[in-house]
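Structure first, commentary second.
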Amino acid sequence: MRADPLPVLTDATVKSQHEMTVCNSCRYCEAYCPVFQAMEERLTFTSGDVAYLANLCHNCGECLYACQYAPPHEFGIDVPKTFSALRVESYAAAAWPAFAAPAFRSPWTTTAVALAAGALASALAARTLWVGDARVAFPAAADFYSVVPHDVMVTLFGIVGLFAVVALGIGYRRFIRSIADPNIADPPSPLRGFGAASPVGAAARDALTLKHLHATGEDCVDAEEKRRPWRRWMHHCTFYGFLLCFASTSVAAIYHVVFGWVAPYAYTSLPVVLGTVGGLGLLVGPAGLFLVDRRRDPALTHSTQASLDAPFLAMLFLTSLTGLLLLALREKTFMPSLLIGHLAFVLAFFVTLPYGKFVHGIYRAAALVKFRRESNH
Amino acid sequence: MAPPEVYEVAVLGGGNAALCAALAASERGARVIVLERAPRVFRGGNSRHTRNLRCMHTAPTDILTESYSEDEFMTDLLRVTGGATNETLARIVVRASADAPGRMRRFGVRLQPSLRGTLHLGRTNAFFLGGGKALMNSYYAAAERRGVHVVYDADVIGLQIHDGRFESATVRINGREQQVRARSVVLAAGGFESNLEWLKEIWGDAADNFLIRGTPYNTGTVLKLMLDAGAEPVGDPTQCHAVAIDARAPKFDGGIVTRLDCVSLGIVVNKHGDRFYDEGEDFWPKRYAIWGRLVAQQPDQIAYSIIDAKAVGRFMPSVFPPIAAASIRELAALIHVPAGTLAATVERFNGAVRPGIFNHEALDDCRTDGLVPNKTHWAQRLDTPPFWAYPLRPGITFTYLGVKVDERARVALRGGPAANIFAAGEIMAGNILGKGYVAGVGMTIGTVFGEIAGREAWRGVSSDASASQTGHRAG
């Protein structure tokens, strides 16, 4: 039996269906982005269809400012805002476990609880060492494992990381089922068929270049007649900063496991260089996105979507900041406090991954693959 | 608004022609004021609802395919107007249209090639990326960058014209009357299609059932003021461009989405359940304007397009849902048409359908025989439930009455051309488009004559200025 994760016709779904019906009779926006091209493939819109289109939307403002039916017109068409509300609902509907779905409605509380839990866990992890080990008070310079033993760190992050991957994976699967064509019993996995020329390859390029934030060759508007690259560039800083930090950790793990080279690594070593550059990206990008968000036209984004941004950006920024501080001050005697603080942020960050803004990346990627696959027909 | 000052060019109106005039004058250095009657959110007149403009070109461009010659454009204009055109002015529009895309782009307008639904216009019409409101946003942004003074909610209620010279306009802004003085004026305030009283004077009570496809602000105030001031009229004062649209559309501003493209796929009956015209006479884009008038002539100005399941998916999706039923009689009850008559009409129609090979892309051989009126193409039996009905009403796009102008866009007064009064857009389109319509030509007229009017308005002012300077020096 196929469970429908979007069984309820919410206000955002009904409004999206109304808006797509109006848009599909107008089609003036069809050259702006794939949302309207995908819309034109359909005559009617199921809840899955609008969830797919909503996640394909990159939330620029072109179609709102161009719309002859925008509020206060009685048709009240505001696709960016309506879709931004529907996206949050689609995140919550796909969340695993289902009882965690309310996290999307209270992102600051979720973040605060996760941080408290992270702080407790890292303090406990460190405390295991305090018992009967005098080195704790005066750890060797930059010796993180004297504060939290390597095995403890690996176990802790292994569990948390595995949980995040499983939760995201199940959410992803629920999401692609919810947007699949109901006439097809078993939707093809969006990841089937790799290669640069495949729909997955094309969608990967779309995602990695944020193509649909400048699909017409110019940056999309973020205010009426204002085309600025900042949102795209700051997103690139954030995304590639995150990737570099991930790469840094992976390289360090290989150093440790394969070569037996134990941290701390030199400032010129690959993990430290990757982590430093990535960490800077994660300071600049989230701070920039926060500023871009602040001056953004409130007509473009629903409050439920907008409220997801700040906690996620704050977590990225603070995780990076504590990591860079730890790196810069790892020779100092107060390093253990910094380490415990940083680990708390990293733990909270991973735990909240499946329940916050992070999921937009994987659901948008799924929508992009679906779009490329449909376009191939 | 700022304390009284004298502008060099005042533009009355805020649509495509108005902004083209304002930009043409301001790029030459004029101090320009634009008086737009609508609030900012609804600025742009009927241009808000447009999507493209027709332009000639001798070779394929990045947005237009093949070529569209001056002669072909002229031939199209002569055909649709049946000769009701000033050929000199028409040729000016056609020739200047070649430069329109380039000019528009200089002001930040973005154009696109036509996509799937509009391929038949890809050769003749340049499409605005995002449509007419996006076009107007670009123009207003360009005007603001150039320091054009744009005033919204500015209702022109009087014109002071003496000896063929414009002196000032009386404008109501936020309930306060003010005088706006300018050394020349461009009238670009559209027609009178949203003036329900004026429409009733012409069409009587039938006008109560008309829907206005565009802005509610085109009440023809400026047009009437000018005619009262002695401007020579042009265009049939009783004619308007009327399209059959969905009867459930809003009274104003329904725009493009209220169109219905299914008429040629089924039959159309009036409120008594009788057919009244050949639904398959020609392709719908060539017939939708005729159907506005046809529906206006039916009792209560209402008609119903009736199709069956075979037509589903063959026409552009409509914004309002079809009225659906499992049988013709049930459908008749839903649309309050006598069931017996409608059933008999459908039965007679089905019996008269001759065998043929259906092809909606061509004038096919599916027709009826022996009916009055016959359906001459795309006639298929209505026999596959569900049956769908869409109610139709006349949707008014624009009116033809305007002021006469010369090739410099000067308004013709009874004593000769006005010294400093120019016109552009729908208010003078009747010079070129005396009747009929061909897609995108209204925007071409507005763009070309907007530019001419703005340029000429400034030329008059600047030559006055240099003349008076010369005079001073001589004195």
**Item:** Extension gain, A:Ala98 back to A:Leu43 (0.36 nm per residue minus Cα-Cα distance, nm)
**Value:** 16.6 nm
**Asked** In terms of the ratio Rg/(2.2 N^0.38 Å) built on C-alpha atoms, what value belongs to region B:1-43?
**Response** 1.17
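How well do other chains shield peptide B:165-176, expressed as the mean number of their Cβ atoms within 10 Å of each residue Cβ?
Across the residues of B:165-176, the mean count of other-chain Cβ atoms within 10 Å is 0.
Return one quarter of the surface area of the convex hull spanned by the alpha-carbon atoms of chain B, equal to its mean projected area, in nm².
Numbers: hull surface 95.7 nm².
For the Cα atoms of chain B, the hull's average projected area reads 23.9 nm².
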**Summed residue charge, Cβ within 12 Å of B:Leu342's Cβ, Lys/Arg positive, Asp/Glu negative** = +1
**Prompt:** Measuring from label point to label point, each 7 Å out along Cα→Cβ, what is the A:Asp297 to A:Val113 span in nm?
**Reply:** 3.7 nm
**Request:** Take every Cα pair under 8 Å in chain B that's 6+ residues apart, average their separations, divide by the length, and report that relative contact order as a whole percent.
**Result:** 23 percent
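So what is the orientation-averaged projected area of region A:98-376, using the convex hull of its C-alpha atoms, in nm²? Show your work: numbers first, answer last.
On the way: hull surface 69.8 nm².
Taking a quarter of the hull surface, the average projection is 17.4 nm².
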**Fill in**
Rg from C-alpha atoms of the protein assembly as shown, normalised by the globular rule of thumb 2.2 N^0.38 Å, equals 1.15
**Message:** For A:Leu280, project a label point 7 Å along Cα to C-beta. Then give me every residue of region A:235-250 with its amide nitrogen under 15 Å of that point.
**Reply:** A:237-238, A:240-242, A:244-245
**Computed E for B:Asp464/B:Lys224 - FRET, C-beta separation, R0 30 angstrom, nearest 0.05** = 0.60
**Message:** 7 Å from Cα along Cα→Cβ at both B:Val6 and A:Ala328: what's the point-to-point distance in nm?
**Reply:** 6.5 nm
**Asked** In square nanometres, what is one fourth of the surface area of the convex hull spanned by the alpha carbons of region A:11-94?
**Response** 4.9 nm²
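For B:Asp208 and B:Lys435, what is the calculated FRET efficiency with R₀ set at 25 Å and r taken between the beta-carbons, to the nearest 0.05?
E between B:Asp208 and B:Lys435, to the nearest 0.05, is 0.55.
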**Message:** Quick check: the distance between the Cα centres of region B:137-157 and region B:14-33, to the nearest angstrom?
**Reply:** 9 Å
**Item:** Residue among A:Thr111, A:Thr44, A:Thr319 with the largest mean-square fluctuation in a Gaussian network model of chain A, springs linking Cα atoms under 10 Å
**Value:** A:Thr44
**Message:** Given 20 °C and 1.002 mPa s, compute D for region B:3-92 with the Stokes-Einstein relation, Rh being the Kirkwood radius over Cα pairs; round to the nearest whole µm²/s.
**Reply:** 133 µm²/s
**Item:** Cβ-Cβ FRET estimate between A:Val14 and B:Gln179, R0 fixed at 35 Å, reported to 0.05
**Value:** 0.10
**Request:** List every residue whose amide H lies under 5 Å from the amide H of B:Asn52, counting only residues 5 or more places away in sequence or on a different chain, with H placed 1.01 Å from N in the peptide plane.
**Result:** B:Phe128
**Cα gyration tensor category, rounded, prolate or oblate, for region B:242-395 with a/c compared to 1.5** = rounded
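Where a number appears in this text, it was derived from the coordinates with a stated rule and is not lab data. In this text, all values refer to a predicted model and were calculated from it rather than measured experimentally. Cβ sites come from the backbone with ideal geometry, for glycine too, and all protein chains shown count toward neighbours.
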